[in-house]
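Below is one structure; the comments refer to it alone.
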Amino acid sequence: MTHDNKREGFSSSFGVLVATLGSAVGLGNIWKFPALTGANGGASFLAVYLLATLAVGLPVMIAEIALGRSARANAVSTFERLASGGGGFWQIIGWMSFASALLIMAFYSEVAGWVYAYVFKAASGALASTSPEVASRTFGALVTDPVQSLIWQWVVLAICGTIIAMGVTRGIEAVTRKLMPLLFILLIVLCIRSLTLPGAIDGLVFLFKPDFSLITPDVVLVALGLAFFKLSIGMGCMLTYGSYFRADQNIPSTALRVMLADLSVSLLAGIAIFPAVFAFGFEPAAGPSLVFMTIPAVFTSMPGGTLFMTLFFVLTAVASVGAILSLLEVPMAIFSERLGVSRRQTAVALVLSIALVGAPAALSNSSMAAFKPFGMTVFDLYDFVTSNLLLPLGGILICLFVAWNWGLPRLLAQISNDGALPNAIIARAVFRLVQWVAPVLIAIVLLHGLKVF
Ligand code: TRP
């Protein structure tokens, strides 16, 4: 295997931050977060999600980045290099990461495809109707059309595959540097529009005034799954990005800033969506269709609707790019580094594989709607298997590896940049959390999700 000196990395501290934030921010903030918050009780769900992010999400994220930067390698080779007593067993984390990346991409690229399609529909006025029936018919017409579904997924794969082939610095860093500021500007414009609607206050109450009686074990499961999905952890994504971190980067402070900025994007998305939903009398609990059915109707009901609706979908499309790049980079790093294949060839192979694995997800509302393994469509199955099984399982294994194989001294050395930063207390806290708290919590939630109890 070729060694480090010509390995690419992020070129500046700001580059590290935007690329990592680009991975965290995505459809998770705009499609999953509002839908899950809406369906699981609003503010009380938000409280559980915050707790899961602080107790489990942040420490696992810090540990992953530290592992990657220590090994300066992809998700498989990292364990090969760092494991004492041979990395044979621990490499399985890397191969699980590869599987998760493909499966997440298979449905994520489909949702991103709908978003791209909706940018054009919104701009052309095709979504201008306040009737929920019309909105659901328009969405239905898109997802039940096999040709359109496949083509939009391929458009997303072609665009993101081209960027990822250009490399870590000239591809990922250069693109996220331009897109992340744009995303914040669009989001703030939308929030101002939503908050200045009459009746906006009900949406804010829903989002921020908790009713703790609504918290059930299922709610906790969903919140933890979202915390993993949001911070891109549990599948070597943060580990791979960590391997591109600068040597002088403060890992915990970067992770904290990414987590806070990501949370702000989710909250801003919630503030852009829920006040408008309440102001026009729509249902907050509309689920995954919230973004595609409720939102167009809501925007049509307001002055300047076509413009703001188009901005909303552009924003969502922009957000999806950084996340997709980070998903693609996991297998990209594994194969280009381990097999010595060029990034361009690996990108072609990856895009083709995802198109293949993704086709049943893209067709799960049309040609393959009747095919329901385990009672779910292929689309839902991919989402369930990754969010509720592979990511938590990967998270537990990463925690166990750090706590019981890698050990505190090495974690401490990474987190404090070999003693240059006063981060010893943080390193100890992260270590305790990944040693006991995170694995136990994840295991309970995982077993509950599997209906073991
Ligand atoms: N965090 C992204 C989002 O919220 C999705 C994502 C990117 C992801 N990379 C990941 C999810 C790795 C799980 C694992 O949209």
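The values are calculated or read from the model by the stated rules, or taken from the named source; none is laboratory data. This is a predicted model, so every value here is computed, not measured. Virtual Cβ from ideal backbone geometry, glycine too; neighbours counted across all protein chains shown. We work out accessible area using only protein heavy atoms, side chains counted, and drop any ligands, DNA or RNA first. Shrake-Rupley method; radii C 1.70, N 1.55, O 1.52, S 1.80 Å.
Which one of these is in a helix (DSSP H, G or I) and either modelled with pLDDT under 90 or open to solvent by 40 Å² or more (accessible area, probe 1.4 Å) (or both): Val265, Val205, Val258? Reasoning before the result, please.
On the way: Val265 fails: either modelled with pLDDT under 90 or open to solvent by 40 Å² or more (accessible area, probe 1.4 Å) (or both); Val258 fails: either modelled with pLDDT under 90 or open to solvent by 40 Å² or more (accessible area, probe 1.4 Å) (or both).
Just one listed residue meets the conditions, Val205.
Find all pairs meeting these conditions: Cβ atoms under 9 angstrom apart; at least six residues apart or on different chains; first residue within the stretch 216-236 and among the polar types (S, T, N, Q); second residue open to solvent by less than 10 Å² (accessible area, probe 1.4 Å) and within 7 Å of the ligand (Cβ to nearest atom).
Within 9 Å, the pairs are Ser232/Ser23; Ser232/Ala24; Ser232/Gly26; Ser232/Gly28; Ser232/Ala323; Ser232/Ser326.
Residues that are within 16 Å of the ligand (Cβ to nearest atom) and aliphatic (A, V, I, L, M): does the stretch 201-219 have at least one?
no
Residues checked against (1) more than 16 Å from the ligand (Cβ to nearest atom); (2) out of contact with any strand residue (DSSP E or B) (no Cβ under 7 Å at 6 or more places or on another chain); (3) open to solvent by less than 10 Å² (accessible area, probe 1.4 Å):
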| residue | (1), (2), (3) |
| --- | --- |
| Leu50 | no, yes, no |
| Ser84 | yes, yes, no |
| Gly94 | no, yes, yes |
| Phe98 | no, yes, no |
| Ala106 | no, yes, yes |
| Val111 | no, yes, yes |
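So the check is Cβ under 7 Å with 6+ separation or different chains; which pairs have a first residue in the stretch 328-354 that's over 16 Å from Asn74 (Cβ atoms) and within 16 Å of the ligand (Cβ to nearest atom) and a second one that's among the polar types (S, T, N, Q) and in a helix (DSSP H, G or I)?
Close Cβ pairs satisfying both conditions: Ile354/Ser109.
Can you tell me which residues in the stretch 113-136 are within 16 Å of the ligand (Cβ to nearest atom) and open to solvent by 10 Å² or more (accessible area, probe 1.4 Å)?
Scanning the stretch 113-136 gives Trp114, Tyr116.
Can you tell me which residue among Leu54, Leu67 is farther than 26 Å from Val277 by Cα, among the aliphatic types (A, V, I, L, M) and surrounded by fewer than 23 Cβ atoms within 10 Å (Cβ to Cβ)? First the steps, then the outcome.
Details: Leu67 fails: surrounded by fewer than 23 Cβ atoms within 10 Å (Cβ to Cβ).
Result: Leu54 is the single residue among Leu54, Leu67 that is farther than 26 Å from Val277 by Cα, among the aliphatic types (A, V, I, L, M) and surrounded by fewer than 23 Cβ atoms within 10 Å (Cβ to Cβ).
State which residue is nearest to Phe228 (Cα to Cα) when the search covers only the stretch 290-323 and only residues that are within 16 Å of the ligand (Cβ to nearest atom) and either open to solvent by 10 Å² or more (accessible area, probe 1.4 Å) or of a type in the set (Gly, Ala, Ser) (or both).
Here the residue is Ala323.
Regarding Ala227, is this residue part of a helix (DSSP H, G or I), within 16 Å of the ligand (Cβ to nearest atom) and modelled with pLDDT of 90 or more? Show your work before the answer.
Working: part of a helix (DSSP H, G or I): yes; within 16 Å of the ligand (Cβ to nearest atom): yes; modelled with pLDDT of 90 or more: yes.
For Ala227, the condition - part of a helix (DSSP H, G or I), within 16 Å of the ligand (Cβ to nearest atom) and modelled with pLDDT of 90 or more - is met.
Taking the stretch 408-453, which residues are open to solvent by 80 Å² or more (accessible area, probe 1.4 Å) and touching a Gly at 6+ places or on another chain (Cβ under 8 Å)?
Hits for the stretch 408-453: nothing passes.
Look through the stretch 23-44, keep the residues that are within 15 Å of Phe228 (Cα to Cα), in a helix (DSSP H, G or I) and open to solvent by less than 10 Å² (accessible area, probe 1.4 Å), and return whichever of them is farthest from the ligand (Cβ to nearest atom).
Phe33
Can you tell me which condition Ala73 does not meet? The list is (1) within 16 Å of the ligand (Cβ to nearest atom); (2) assigned to a loop (DSSP other than H, G, I, E, B); (3) of a type in the set (A, V, I, L, M, F, W, C), and all the others hold.
It fails just one condition, (1).
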